[in-house]
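The values are calculated or read from the model by the stated rules, or taken from the named source; none is laboratory data. It should be emphasised that the depicted structure is a prediction, and the values quoted were computed from it without experimental measurement. Quick reminder, even Gly has a Cβ in these numbers, built from the backbone with ideal geometry, and neighbours come from all protein chains shown.
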Amino acid sequence: AANNVVNIVEVGPRDGLQNEKGVIPVDVKVELINRLARAGAQNIETGSFVSPKWVPQMGGTAEVITRMERLPDVHYAVLVPNQKGLDNLFTLLDQTQLSPPVSDEISIFTAATDAFTRANLNTTITESLQRLEPVARAALDRGLRVRGYVSVAIACPYSGPVDFKRVREVAKALADMGCYEVSLGDTVGQGTPATVAEMIEEVKKSVPVEKLAGHFHDTYGTAVANVFAALAQGIRTIDSSVGGLGGCPYSPGATGNVATEDVLYALKDSQYKIAGSNNKTISLDDTVNIGWWISEKLGRESVSRAGRALRAR
Ligand code: HMG
Ligand code: MG
């Protein structure tokens, strides 16, 4: 039988907040993660162990993950760009020694173009892969799950259209390092169902579709359509952000991720079931409320279309 269970990776606390200019209190970040977990989110990206000079907003991640609730059936991931980030995470794991640990998963990331990799990681694709290989191995040795990202899988803000063969090669390199899943990022949000399908067709030649995830920014309003294009290709894991928050500091002009509420709403009454923690699903109503709550904390309205419609109802 076909697998019709869709996994959501909630990236709001990380991708959603990393680009915010104002200071977001640790309390708010902790409450966002706790609310998402209680609403049934099974996979939550909680923050990043990147350089605070590069991405100041993620500087408090160690404090956030130390203070958040840790529900046993939820995976809590942090982004790690290099050995230094992993060392900092390991120090925290040694200090806290909690069960479940403050984080059971890292996400490593690189891109399909050298221009973007230079802007985001200050290196080339090839060097980034060389650096990440021992990071992935050390994390796996310590029992952590390792997830990989390929950014600019459709288009690059610096070098334009992307060669999907490069996406395929980089995705394969990350899978070969032991990533249980590789998320294909339309960082710019320029993808359409046609280009997304073409890209995934190419990547599937080297990485089994069970190991792929889709990560769509909604700059052109195509993100929900791109989610369905990815599902039609056999992908069953979708990254999304509550309230449609998000953006990469090194992708100028790109807007937030596809809103979690919009994905949950669009999949209602379909052949697909959304996986949530404790064999439940993720609550659409709770997600709508969280989207409004966090948007108002940031001084604006929710940009999720379903979130706006459901609140106005
Ligand atoms: P660099 O400047 O080349 O680093 O940056 P370096 O190794 O030369 O070190 C410079 C300084 O940074 C040193 O400190 C290091 O100790 C420190 P100093 O001696 O000057 O005091 N440093 C660190 N501090 C804390 N944590 C660390 C760390 N590493 C070095 N991990 C670096 C290289 C990788 C650090 C930098 O480029 C960086 O942090 N990049 C991360 C950028 C980022 O977070 N981008 C957003 C996430 S990716 C994304 O959003 C896309 C995604 O959503 C998918 C999609 O949409 O496509 C995932
Ligand atoms: Mg992103």
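Determine whether the stretch 19-28 contains at least one residue that is within 16 Å of ligand 2 (Cβ to nearest atom) and closer than 19 Å to SER151 by Cβ.
Yes, the stretch 19-28 has at least one match.
The rows are residues; the columns are (1) polar (S, T, N, Q); (2) more than 11 Å from ligand 1 (Cβ to nearest atom); (3) closer than 23 Å to VAL11 by Cα; (4) under 21 Å from the mean Cα position of the chain (by Cα).
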{"position": "ASN88", "(1), (2), (3), (4)": "yes, no, yes, yes"}
{"position": "ASP94", "(1), (2), (3), (4)": "no, yes, no, no"}
{"position": "PRO101", "(1), (2), (3), (4)": "no, yes, yes, yes"}
{"position": "ASP104", "(1), (2), (3), (4)": "no, yes, yes, yes"}
{"position": "ALA112", "(1), (2), (3), (4)": "no, no, yes, yes"}
{"position": "PHE116", "(1), (2), (3), (4)": "no, no, yes, yes"}
{"position": "THR126", "(1), (2), (3), (4)": "yes, yes, no, no"}
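Is it true that some residue in the stretch 227-240 is surrounded by 24 or more Cβ atoms within 10 Å (Cβ to Cβ), under 22 Å from ARG305 (Cβ atoms) and among the aromatic types (Phe, Trp, Tyr)?
Within the stretch 227-240, none of the residues are surrounded by 24 or more Cβ atoms within 10 Å (Cβ to Cβ), under 22 Å from ARG305 (Cβ atoms) and among the aromatic types (Phe, Trp, Tyr).
What residue, of ARG14, ARG35, is within 19 Å of the chain's Cα centre (by Cα), closer than 22 Å to GLU261 by Cβ and within 11 Å of ligand 1 (Cβ to nearest atom)?
ARG14
I need a count of the residues in the stretch 214-254 that are more than 10 Å from ligand 2 (Cβ to nearest atom) and under 17 Å from ALA275 (Cβ atoms).
11
Within the stretch 252-267, take every residue that is buried (at least 24 other Cβ atoms within 10 Å of the Cβ) and either part of a loop (DSSP other than H, G, I, E, B) or within 13 Å of ligand 1 (Cβ to nearest atom) (or both) and give me the one that is modelled with the lowest pLDDT.
So the residue we want is GLY256.
Name the single residue that is modelled with the lowest pLDDT among those in the stretch 22-36 being aliphatic (A, V, I, L, M) and surrounded by fewer than 23 Cβ atoms within 10 Å (Cβ to Cβ).
VAL23
Restricted to the stretch 212-226, and to residues that are within 13 Å of THR187 (Cα to Cα) and of a type in the set (Gly, Ala, Ser), which residue is surrounded by the fewest Cβ atoms within 10 Å (Cβ to Cβ)?
Ranking the qualifying residues of the stretch 212-226, first place goes to ALA223.
Being farther than 15 Å from VAL9 by Cβ and hydrophobic (A, V, I, L, M, F, W, C) is the filter; apply it to the stretch 212-241 and report the residue that is farthest from the chain's Cα centre (by Cα).
ALA232
Among the residues of the stretch 198-211, are any under 17 Å from the mean Cα position of the chain (by Cα), in a loop (DSSP other than H, G, I, E, B) and buried (at least 20 other Cβ atoms within 10 Å of the Cβ)?
No, that holds for no residue.
Identify, from the list VAL150, VAL188, the residue that is within 13 Å of ligand 1 (Cβ to nearest atom) and in contact with a Gly (Cβ under 7 Å, 6 or more places away or on another chain).
None of the others qualify; the one that does is VAL150.
For the stretch 68-160, list the helices (runs of 4 or more DSSP H) that sit wholly inside it and hold at least 1 residues that are among the aromatic types (Phe, Trp, Tyr) and in contact with a strand residue (DSSP E or B) (Cβ under 7 Å, 6 or more places away or on another chain); which are they?
The qualifying helices (runs of 4 or more DSSP H) are 114-121.
How many residues does the stretch 33-42 hold that are out of contact with any helix residue (DSSP H, G or I) (no Cβ under 7 Å at 6 or more places or on another chain) and without any contact (Cβ under 8 Å) to a residue 60 or more places away in the chain?
1
Could you tell me whether ALA275 is under 25 Å from GLY40 (Cβ atoms) and within 15 Å of ligand 2 (Cβ to nearest atom)?
Spelling it out, it is not the case that ALA275 is under 25 Å from GLY40 (Cβ atoms) and within 15 Å of ligand 2 (Cβ to nearest atom).
Within the stretch 221-241, which residues are among the β-branched types (Val, Ile, Thr) and either in a helix (DSSP H, G or I) or touching a residue at least 40 places away in the same chain (Cβ under 8 Å) (or both)?
The answer is VAL224, VAL227, THR237, ILE238.
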